[in-house]
1. Could you give the semi-axes, largest first, of the ellipsoid that matches region 200-344, computed as the square roots of 5 times the alpha carbon gyration tensor eigenvalues and rounded to whole Å?
2. Mind computing the radius of gyration and Dmax over the alpha-carbon atoms of the chain? Å is fine for both.
3. Under unit Cβ charges (Lys, Arg +1; Asp, Glu -1), what dipole magnitude, rounded to 20 debye, does region 128-273 have relative to its Cα centre?
4. Could you order peptides 189-199, 90-100 by the average number of other Cβ atoms within 10 Å of their residues, highest first?
5. Which value, in debye to the nearest 20, gives the size of the charge dipole of the chain about its Cα centre, when Lys and Arg are +1 and Asp and Glu are -1 at the Cβ?
6. What ranking, highest mean first, results for peptides 12-25, 322-335, 209-222 when packing means the other Cβ atoms within 10 Å averaged over each residue?
7. With labels modelled as points extended 7 Å from the Cα through the Cβ direction, what inter-label distance (nm, one decimal) is found for Arg339 paired with Val178?
8. Based on the Kirkwood radius over alpha-carbon pairs, what value in µm²/s does the Stokes-Einstein equation return for the translational diffusion coefficient of region 66-204 at 25 °C and 0.890 mPa s?
Amino acid sequence: MPADLSAAEALALRMTSLLLRPHPGGQPGTVAEVVEWFGAMQAQDLASGLWSLGARLPGFRLTDVQQALERREALRTWPMRGTVHLVPPADARWMLEVTGVRSLAGAATRRAQLGLTDADVDRALDVLGAALTGGGRLTRSQCLATLREAGLGTDGQRGYHLLWFASVRGVTCVAPNVGAEQSFALLDEWAPTPRQLDRDEALAVLAHRYVRGHGPVTDREFAGWTGLTLTDARRGLTAAGDALSTVRVDGQPMYVDAALADAPRTPLDEMLALPGFDEYLLGYRDRTLMLDPAHQAAVVPGNNGIFQATVVHAGRVAGVWKRRIGRSAVTVTIQPLTRLTGTARARVEQALGRYADFLGLPPRFEWQA
């Protein structure tokens, strides 16, 4: 019989799954281990993606994470929902084949809107493949220039579409920045030893990693995260077998990593500073466990998909923050969304101090009313 959990107990387990509090199975200690834990981590905003890793790797600095990405402990591509994620290099190809290709469903319509033909995108694959062969890395602007030299238009959104298409088709991937600019490399050269999985194995791995990194969650949350059909999502959860356990939260069945099924339900109290584009919020469609609906507009102003960085207390969003990075310090502006006492404010500054340490800069704090 599945255990019945209160919302507070479910939130405590979820924060443990997200590696935002100590995990009884031990904490991943490298960039590669954190990314594999989740299977994929939201990273369309690179700065957010880097701090998502740093927040889960105490003692790491920005340069440590950047060096790990240069060592190819993880790479960025569009594995699902048409959104850039960090993924384990060995898993990039099968993820693109199982979930990434679903974002291609509307590609023909989009190409027609942009005035691109099927021949244009096929030509772009050949051009980028040839230009990058031999271990080369080209910046975004160099890729676009290469496409233009081959007679392909890149104005408007055409260039973005061609670069996106090349990655979703598994020709390229997003390599670490060159200076401040995004760069691209050949996927086959950046990840030369791809993991081979049949479809059922792939669905099972996806299901286990999503639940392990986000649970307790429903089958619909898994489908939403991957972009899979609900049928395939349920197929993957079933295929994951004994790696998962079921619980009930307010009467609703949910999945949790079997390793957490009997974990102590210790009360939440942690104060955290998280980036806006983090699995903490973006890993779910239903965010009510973590976010008061009254604070939605502050976290996603204009409901435009741009998430503000969050202050999180006891698993719940308590404020938002922004940073300005200068040469000698990082200035952090904090907007509380709940009442924060003097003691709580000191803890917020301590949490944001970890972010400043990650950057290697002293912090300056500004509080909004």
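1. 32, 18, 14
2. Computed over the Cα atoms of the chain, radius of gyration and Dmax are 21.0, 64 Å.
3. Approximately 360 debye in magnitude.
4. Ranking the peptides 189-199, 90-100 by packing returns 90-100, 189-199.
5. In debye, rounded to 20, the chain gives about 900.
6. Ranking the peptides 12-25, 322-335, 209-222 by packing returns 209-222, 12-25, 322-335.
7. 5.6 nm
8. The estimated diffusion coefficient comes to 161 µm²/s.
Every number in this text was worked out from the coordinates using simple rules, so none of it is lab data. Note that the structure is predicted; figures quoted are calculated from it, not measured. We place every Cβ from the backbone using ideal geometry, glycine too, and count neighbours over all the protein chains shown.
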